[in-house]
Amino acid sequence: MILHTNDVHGRAVADEKNGVFGYASIAELKEELEEAGASVLLLDAGDAAQGMPVVNMSMGKTAMEFMNATGYDAMCPGNHEFDWGYDNLQQLRETAQFPVLAANIVDKVSGENVFEANHIFEMANGMKVGVFGLDTPEALTKTHPDKVKGISFYMEAELYACAQAQVDALTAAGCDVIVCLGHLGVSEESAPNRSYDVIENTTGIDLFIDGHSHTVIDGGETVGETLLVSTGEYFENIGMVVYDGETLSARLIGAQVDPDAVALGLIDFERDDEVEDLVNSVNAKIEKQLSTAFAKTEVVLNGERAPGVRTEETNLGDFAADAILWAARQAMGDGIVAAITNGGGIRATIQAGDITMKDMKTVFPFGNQVTVLTVTGAELLEALEAATYSTPEAIGAFPQVSGIVFTIDTTVAFEQGELYPDSTYYAPAKPGSRVTIESVGGEAFDPEALYTIATNDFTAAGGDTYYAFAYANATTGYDTGVALEDALVNYVQTELGGVVSAEMYGEPQGRITVIQ
């Protein structure tokens, strides 16, 4: 039997009200199944070490400690395991008391694997289960480019060949079941590096445990001869796969997808006492440290993924971009005319009422800094065209803006140009075919003009689809040293008088039009 999780994003604490299992619940389930005589593996498909202050404040170390206590047997890294840098991830690997598997990440110089490629588990019932790991090549651009220097990711044909080589090696080793533990996802945005693409271009993967796209696949999906499973996100479900010696069957345990989970005692959230004490003690210290309110909001600030900050203008996107522009002007003067921040950097909604530092570090967890750079109008247009190439489908690059008014015409197909270097994204072949910029800084847009804009250091370095900014950043970029969350805090306290008002931010302000 295999229990699996993916895209937990720091939801370590059990929360019955909001349907979050937490590590103590899955620890209890694993223990009960083993006591009943089952041979159990517990696997995670990445993005465990980032998302909530309880893990962010330690740069992911507490996530590994929680997983150690829970009894995880292996994980693959997700793109967010790189958020504090490759060197930090190597330290997390040392903390983990289980293998961190990634067959497709290699050192740029030596070409050698930088993580263990696979691991064979010899179960108590005598079976051999071979597990190999894959991480999304999108880590090259969905993580700050500086965080993945020195390593490269096999992608497309090389990724498929890498996976097939792992299957062949594990088959030769006599494994009864071969599992790919992958953080690839099924979203069209991630093609041709999705789990679907790997499965369709290989043979011999029995089970593919997927992450990255936050997809709920209840009961699994059969793709060719492979069973594909994924739990969704945020510990709302626990995945269970049973192998009877001949066939694999899958289910999700969770109140939303599986009302019969009451029979397993999990809707009542039975939890392992030792794991719960560990998680709660760490969380209590963080809560105390971050619980002081510094402002309030009269309205809910929408940070949902889709529909939300990855698909359209939202009031939280407006607020964040306004704060970045304000902070940049405070640091460098009024010559800065606009601001852009990627919607994928906004990770949660802020509810009406008090705003605390915990809210700030939950919604903006990456530790980004406000960066100023000068771009041509043509470069700005290219960046906006690239950042909305999949709109109306959700994309983390989706620009939330201040001082810019533009329109996206989704009835026009995006035309793909050349692949950006060290990226999984393509430059637009015809910038301006889908995106029309009406104004920048209150003036009519001019493709030949120079615009000094504020953004975050992730997009300034070419993160997500913003490779057009990377060239400008190399010559004109300046890091202000102002942390993104500090920009928002200072903006609220100084400029807004401590209140995010319904008058200013009750609704999106009409900066972005999406033609469907």
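Do the conditions hold for Thr314, that is, is it within 18 Å of Ile350 (Cβ to Cβ) and surrounded by 21 or more Cβ atoms within 10 Å (Cβ to Cβ)? Quick ask: steps written out before the conclusion?
On the way: within 18 Å of Ile350 (Cβ to Cβ): yes; surrounded by 21 or more Cβ atoms within 10 Å (Cβ to Cβ): yes.
Yes: the conditions hold for Thr314.
Which one is nearest to Pro399 (Cα to Cα) among residues in segment 460-516 that are touching a Phe, Trp or Tyr at 6+ places or on another chain (Cβ under 7 Å) and among the hydroxyl-bearing types (Ser, Thr, Tyr)?
Thr465
Counting only residues that are open to solvent by 40 Å² or more (accessible area, probe 1.4 Å) and small (Gly, Ala, Ser), which one in segment 367-384 is nearest to Thr475 (Cα to Cα)?
Checked segment 367-384; the qualifying residue nearest to Thr475 (Cα to Cα) is Ala378.
Determine whether segment 283-304 contains at least one residue that is under 22 Å from the mean Cα position of the chain (by Cα), small (Gly, Ala, Ser) and either at pLDDT 95 or above or surrounded by fewer than 22 Cβ atoms within 10 Å (Cβ to Cβ) (or both).
So far as segment 283-304 goes, yes, one or more of its residues are under 22 Å from the mean Cα position of the chain (by Cα), small (Gly, Ala, Ser) and either at pLDDT 95 or above or surrounded by fewer than 22 Cβ atoms within 10 Å (Cβ to Cβ) (or both).
For segment 479-516, what are the residues that are hydroxyl-bearing (Ser, Thr, Tyr) and within 25 Å of Pro431 (Cβ to Cβ)?
Of segment 479-516, the ones hydroxyl-bearing (Ser, Thr, Tyr) are 480, 491, 494, 501, 505, 513.
The one that is hydroxyl-bearing (Ser, Thr, Tyr) and within 25 Å of Pro431 (Cβ to Cβ): Thr513.
Of everything in segment 280-304, what is touching a Lys or Arg at 6+ places or on another chain (Cβ under 9 Å) and not hydroxyl-bearing (Ser, Thr, Tyr)? Give them in sequence order.
Scanning segment 280-304 gives Ile286, Glu287, Gln289, Leu290, Gly303, Glu304.
Being in contact with a Leu (Cβ under 6 Å, 6 or more places away or on another chain), β-branched (Val, Ile, Thr) and under 29 Å from Arg11 (Cβ atoms) is the requirement here; does Val131 meet it?
On the way: in contact with a Leu (Cβ under 6 Å, 6 or more places away or on another chain): yes; β-branched (Val, Ile, Thr): yes; under 29 Å from Arg11 (Cβ atoms): yes.
Criteria met by Val131.
Anything in segment 77-91 that is open to solvent by 10 Å² or more (accessible area, probe 1.4 Å) and either among the aromatic types (Phe, Trp, Tyr) or touching a Gly at 6+ places or on another chain (Cβ under 6 Å) (or both)? List them, or say none.
If the condition is that a residue be open to solvent by 10 Å² or more (accessible area, probe 1.4 Å) and either among the aromatic types (Phe, Trp, Tyr) or touching a Gly at 6+ places or on another chain (Cβ under 6 Å) (or both), then Trp84, Tyr86 are the ones that fit.
Filter segment 349-395 down to residues that are among the aliphatic types (A, V, I, L, M) and in a strand (DSSP E or B) and give me whichever is farthest from Leu419 (Cα to Cα).
First pass over segment 349-395, keeping only residues among the aliphatic types (A, V, I, L, M): 350, 352, 355, 357, 360, 363, 370, 372-373, 375, 378, 380-381, 383-384, 386-387, 394-395.
Applying the additional criterion that residues be in a strand (DSSP E or B) yields 350, 355, 370, 372-373, 375.
Details: Ile350: 36, Ile355: 41, Val370: 27, Val372: 26, Leu373: 23, Val375: 21 Å.
Per the stated criteria, the residue is Ile355.
Yes or no: Ala49 at pLDDT 95 or above, crowded, with 21+ Cβ neighbours inside 10 Å, among the small types (Gly, Ala, Ser) and closer than 15 Å to Phe235 by Cα?
Working: at pLDDT 95 or above: no; crowded, with 21+ Cβ neighbours inside 10 Å: yes; among the small types (Gly, Ala, Ser): yes; closer than 15 Å to Phe235 by Cα: yes.
It is false that Ala49 is at pLDDT 95 or above, crowded, with 21+ Cβ neighbours inside 10 Å, among the small types (Gly, Ala, Ser) and closer than 15 Å to Phe235 by Cα.
For the list (1) acidic (Asp, Glu); (2) open to solvent by 40 Å² or more (accessible area, probe 1.4 Å); (3) at pLDDT below 95, I need the number of the one condition that Glu138 fails.
Evaluating Glu138 over (1) acidic (Asp, Glu); (2) open to solvent by 40 Å² or more (accessible area, probe 1.4 Å); (3) at pLDDT below 95 leaves (2) as the failure.
So in segment 468-491, with the set limited to residues that are out of contact with any strand residue (DSSP E or B) (no Cβ under 7 Å at 6 or more places or on another chain) and over 19 Å from Asp318 (Cα atoms), which one is least open to solvent (accessible area, probe 1.4 Å)? Break it down stepwise before answering.
Pass one, segment 468-491, residues out of contact with any strand residue (DSSP E or B) (no Cβ under 7 Å at 6 or more places or on another chain): 468, 470-471, 474-475, 485-486, 488, 490-491.
Now drop any that are not over 19 Å from Asp318 (Cα atoms), which leaves 468, 470-471, 474-475.
Details: Ala468: 4, Ala470: 24, Tyr471: 133, Ala474: 86, Thr475: 116 Å².
Here the residue is Ala468.
With (1) over 30 Å from Ala69 (Cα atoms); (2) in contact (Cβ under 8 Å) with a residue 60 or more places away in the chain as the list, and Gly333 as the residue in question, which single condition is left unmet?
(2)
Taking segment 35-59, which residues are without any contact (Cβ under 8 Å) to a residue 60 or more places away in the chain, assigned to a loop (DSSP other than H, G, I, E, B) and either under 20 Å from His214 (Cα atoms) or among the small types (Gly, Ala, Ser) (or both)?
Of everything in segment 35-59, those that are without any contact (Cβ under 8 Å) to a residue 60 or more places away in the chain, assigned to a loop (DSSP other than H, G, I, E, B) and either under 20 Å from His214 (Cα atoms) or among the small types (Gly, Ala, Ser) (or both) turn out to be Ala36, Gly37, Ala38, Ala48, Ala49, Ser58.
The values are calculated or read from the model by the stated rules, or taken from the named source; none is laboratory data. Keep in mind that what you see is a predicted model, and the values were worked out from it rather than measured. In this analysis, Cβ positions are derived from the backbone assuming ideal geometry, glycine residues included, and neighbour counts consider all displayed protein chains. In case anyone asks, the SASA skips ligands and DNA or RNA and just uses the protein heavy atoms, side chains included. Shrake-Rupley method; radii C 1.70, N 1.55, O 1.52, S 1.80 Å.
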